[in-house]
Structure formats: structure tokens, C-alpha cells
Amino acid sequence: MCMPMTGRRLTSLLAYVTTAAAGASLLTGCGVLPGATGGSREPVTVMTWAPDQTRATNMPGMPAMAQTYARWVNAQGGIDGHELRVLTCNEQNTSAGAAACARRAVREKAVAVVGSYSQNGRAFMAPLEAAGIPYIGGYGIAEDEFTSPLSYPVNGGVASLVAGHGMQLAGSCDRVSLVRPDTTAGDRLPELLDSGLRKASHRGAVDIPALEDAAEYTEQADRARSRAGGEKGCVTAVLGERTQTFFDSFRRLPGRQEEKGDDKEAVRISSVLGSVDQPVIDRTGGPHSPFEGAFVTGWYPEAGDKSWAPMRKVIQEYAFADNRVDPADAGVQTTWIAYTVLKEVIESLRQDTVTAEQISHALDRGERIDTGGLTPSLRWKYEDMLGAPGFTRIVNREVTFQVVRQGRLVAQRPGFVDVGETVLSAP
């Protein structure tokens, strides 16, 4: 409670403040210096959404990581004195679900949607754009994430992964079969893969569309294997969570060709991060997984890289044994990076109240974000954007080449690979 000031008390207080605060002579509220924390700063509300318990791809680790991040940052006093409040929403892998989550973000006055997953870009971006709410660090699966002026992607999306994957396979595969979703987003993947394969003057990949939520893929697996040929043929599947189902069907095909003294397919398998990651490899047998020896293209350093140490420490101390928060999961990793962006932007504002407009303006004017080596430094000024048709807002054009060895995803080659020109060359 604020007590009334007598002349003597006011004189004494002003003398104290002048001495202790190097000339600060104005007080606000009950003795809080302008711009100080101490409870004067308004909470910041954001939302993170992802599909959960659906028949297609599920990303429960992304909202769980957001909640973990909020517990950690609030235990440190918040973001520049602002309590971080995280709303979560099940996007349900439907347009209606995505739109409902976006409308809820608007209704509850979220200042940003952060680290989320949705394939339904048209459904969620329209409500966000109407309300001026920025979309920071989405997973990179929807084309609208790379075209909307209010979207700030932290990776190059599936476009950079698939184009980079073509580059990764070009040196090892004579023929490639691509199994991908029979969706609008999936229709772009053959062109992107071929743009990478052309780096080694390869013929284009055989395009094999498939249902994203099928229970088995025997027919597609048989076609993919036969079209890839024998030795130095490669079968690539980019089916999200159903990639594991596809390769299980592939493994069960009759008449497998095996190398002498080995249990590897003569046809090599491959995929991209998000369709295959360390948790999938662990669930399917680790060193005995069907993914042993597979090529994988990722956005970020391998899960064991030291750059992930801060995230791992936060998960260990604040996830409270929530097994949805796997530090090797690409969705969890993307969410960590997205909240890193949010934190740095809010700290740069130094405002008692943070608005959606302030956040997007700071990002537009060129606030540069250091992610601790997990990505190149990120900035969303016009000159930083790739400008590729359909993917104009890519600012992170780098990927990593990885391979599964003894049940672990490890670097096939050190460092990042720039795929910007490859994405630009796709039709």
C-alpha cells in the first residue's frame, strides 16, 4: 500500500534517491524508478500451437518446450522484467483447428505466436495478419511462413531441407526415388530435390506421392525400391511422422537384396530432419534400427553438439520429467530457437508494456539475433531475405549433412552448407 508523503519524508526520500540513483529524481507508483522492473512491467502473453494425437504428424514437444521455457525464464525474473505467459493450442492438423488457435491468440491478446507447427498456413496467417500478430520461428512446413510479412522463420523450412538433401545425395546415389505427401505442400518437393541433384548432373528423382496418414506403404515402397535400382540407388521418404511407417513397409518387402556379411539394403535410404530424427531412431532399435546408415539433412547441428548445452540444461531443470520435451526432437529445437528470438527482441525494446506491433517493428528494422551457434545470426531486413518464389522470407539458408552411425545421428561433414542458390534454382 502507498503511504502519503509528509514534507519531511519526501525531502528525505528525494535526498536518498539522488544519492543512490545518480540523479534520478522522479518516482512512479510506490517508489519504482521509471524503466525499472520490480513488478512495474506488464506480463507478455504468447501462444505456441502444434498438432497432437492426430493420425498424421504430431508435435507435442513444441508446446511442452514453450511451457518449459516459460518456467525457466520466469524463474530468472522474466524477460527484461516481464512475466512470460504461454498459451498452448492443439492445431489438430486441420484448417479449422489452425484457424481456431489463431483466433484464440487474437482473443487473448497474444503479442506473438512462437515456435509452432502447422501445415495450414492460409488458415492461421489471415487472422494473425488482421490483428498484426507476428509468427516467430514456425516449424517451416507451410509456404505462408515464407511469404507473410508478419512471419519470421528461423530456418529455411522444408524447402531448404529437401534442396539440401538433393545436394547430399548427389555424390552417393545414381538414382533416387522420392516418396512424399500427396498434398499441395508435397507437390513442391520433387522440384526442390531435383535442384539439389542437378549439382552433380543427376537425372531427376522418381516422384511417388503417398497418403500422409496411411497405415502401410507396401505398394509405394515396392515401386520406390524398383525404380531406385540396385547398388547406389537411394530411396528418400519425406512423410513426417509416417516416414517410420513407410520404412517399416520397405523393410518388409520380399526379396530383399543384402550385401554379403551385412544386413544393409543394397538400396540406401535417406530422409530429412523431422521425418527422421534421433527419437525415431531410438524407438526403432538404435544401432539395429532400419535407419542405420541413412543420410539425413537437418537445419541445425547434430543433437550432441555443444551448442545445445544451454537448452539441455533448461530441459533437465524445468521440464520436470515431461517426456514430450526431447532435446533431440527437431520441433523442440525449433521452439527453443524461436523463444531465443522472442527473448532478445523483448530485451531490446526496454518497454514496460510490450505490443505485437513493437515486436514486429523491431524485427523489421533489423534486430540481429545471435542463437549461440545453432543457426547463423538471424535478421529479417529486406536485403537478408533469399527472395526465392514461394520462399521469399528465408533468411537462414544453411543446412547440415548428417548420417546415422551406430544408432546416432552424427555429422557427415562439419559445419553448415549454404543451399540458397539451390533453392533459387528450383523451378
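The values are calculated or read from the model by the stated rules, or taken from the named source; none is laboratory data. All values derive from a computational prediction rather than experimental measurement. Cβ: placed from backbone, ideal geometry, glycine included. Neighbour counts: every protein chain shown. What goes into the accessible areas is simple: the full protein's heavy atoms, side chains included, and nothing from ligands, DNA or RNA. Shrake-Rupley method; radii C 1.70, N 1.55, O 1.52, S 1.80 Å.
Within region 85-165, the trypsin sites (Lys or Arg not before Pro) that combine a DSSP coil assignment with at most 12 other C-beta atoms in a 10 angstrom radius are Lys109. Applying D = kT/(6 pi eta Rh) to the chain, where Rh is the Kirkwood radius over alpha-carbon pairs, T corresponds to 25 °C and eta to 0.890 mPa s, the Stokes-Einstein value obtained is 107 µm²/s.
Over region 58-103, what is the mean sequence separation of C-alpha contacts under 8 Å (at least six apart), divided by residue count, expressed as relative contact order in percent? Computed value for region 58-103: 26 percent relative contact order. Among the chymotrypsin sites (Phe, Trp or Tyr not before Pro) found in region 298-352, those both in a DSSP coil and sparsely packed, with 13 or fewer other Cβ atoms within 10 Å of their Cβ, are Phe320. Among the listed pairs Lys109/Lys313; Lys109/Lys381; Lys343/Lys381; Lys199/Lys306, those whose Cα-Cα separation exceeds 21 Å are Lys109/Lys313; Lys109/Lys381; Lys199/Lys306.
Principal-axis analysis of the Cα atoms of the chain puts helix 309-318 at an angle of about 70° to the longest axis. Of the GluC sites (Glu not before Pro) found in region 32-119, those in coil by DSSP whose Cβ has at most 15 other Cβ atoms within 10 Å are Glu108.
By per-residue mean of other Cβ atoms within 10 Å, what is the highest-first order of 232-245, 360-373?
232-245, 360-373
Note on the chain: with a GNM built from Cα contacts shorter than 10 Å, the maximum mean-square fluctuation among Pro301, Pro254, Pro43 falls on Pro254.
In terms of its C-alpha gyration tensor, region 289-427 has an oblate overall shape, because the principal axis ratio a/c (a ≥ b ≥ c, square roots of the eigenvalues) is not below 1.5 and a/b does not outweigh b/c.
For the chain, give the percent of accessible area contributed by carbon and sulfur heavy atoms, probe 1.4 Å, rounded to a whole number.
Here it works out to 49 percent.
With protein chains left intact and a 1.4 Å probe, residues in the chain average 44 Å² of accessible area per residue. If one computes P(r) from the Cα atoms of region 162-211, what percent of pairs lie at distances over 16 Å? Of the Cα pairs, 30 percent sit more than 16 Å apart.
About the Cα centre of region 263-397, what is the dipole size in debye to 20, counting +1 per Lys and Arg Cβ and -1 per Asp and Glu Cβ, all else neutral?
Details: 15 positive and 20 negative charges, 50 e Å.
Around 240 debye, computed over region 263-397.
Computed 3J(HN,Hα) for region 236-246, one whole-Hz value per residue from the Karplus formula 6.51 cos²θ - 1.76 cosθ + 1.60 where θ = phi - 60°, is 10, 10, 10, 10, x, 5, 7, 4, 4, 5, 4, glycine and proline marked x. In a reduced charge model with +1 at each Lys and Arg Cβ and -1 at each Asp and Glu Cβ, region 328-427 shows a dipole moment near 360 debye about its Cα centre.
For Thr45, the residues whose modelled amide H falls within less than 5 Å of its own, excluding neighbours fewer than 5 places apart on the same chain, are Arg85, Val111. Only Cα pairs under 8 Å and 6+ residues apart enter the sum, and on that basis the relative contact order of the chain stands at 18 percent.
Classify region 123-218: rounded, prolate or oblate, from the alpha-carbon gyration tensor (a ≥ b ≥ c, eigenvalue square roots; a/c under 1.5 rounded; otherwise prolate if a/b is larger than b/c)? Judged from the Cα gyration tensor, region 123-218 comes out oblate (a/c at least 1.5, b/c at or above a/b). Across region 361-371, computed HN-Hα scalar couplings (Karplus, 6.51 cos²θ - 1.76 cosθ + 1.60, θ = phi - 60°) run 5, 4, 5, 5, 7, x, 4, 8, 10, 9, 9 Hz from first to last residue, x flagging Gly and Pro. If a/c stays under 1.5 just call it rounded; otherwise compare a/b with b/c (prolate if a/b is bigger, oblate if not). Do that for region 284-325, with a ≥ b ≥ c from the square roots of the Cα gyration tensor eigenvalues. It is oblate, given that a/c is not under 1.5 and a/b is not larger than b/c. For the chain, the longest principal axis of the alpha carbon atoms and the long axis of helix 218-228 meet at an angle near 70°.
Between the helical axis of 330-349 and the longest alpha-carbon principal axis of the chain there is an angle of about 30 degrees. Rg ratio for region 65-137: its Cα radius of gyration over 2.2 N^0.38 Å, N being its residue count, equals 1.15.
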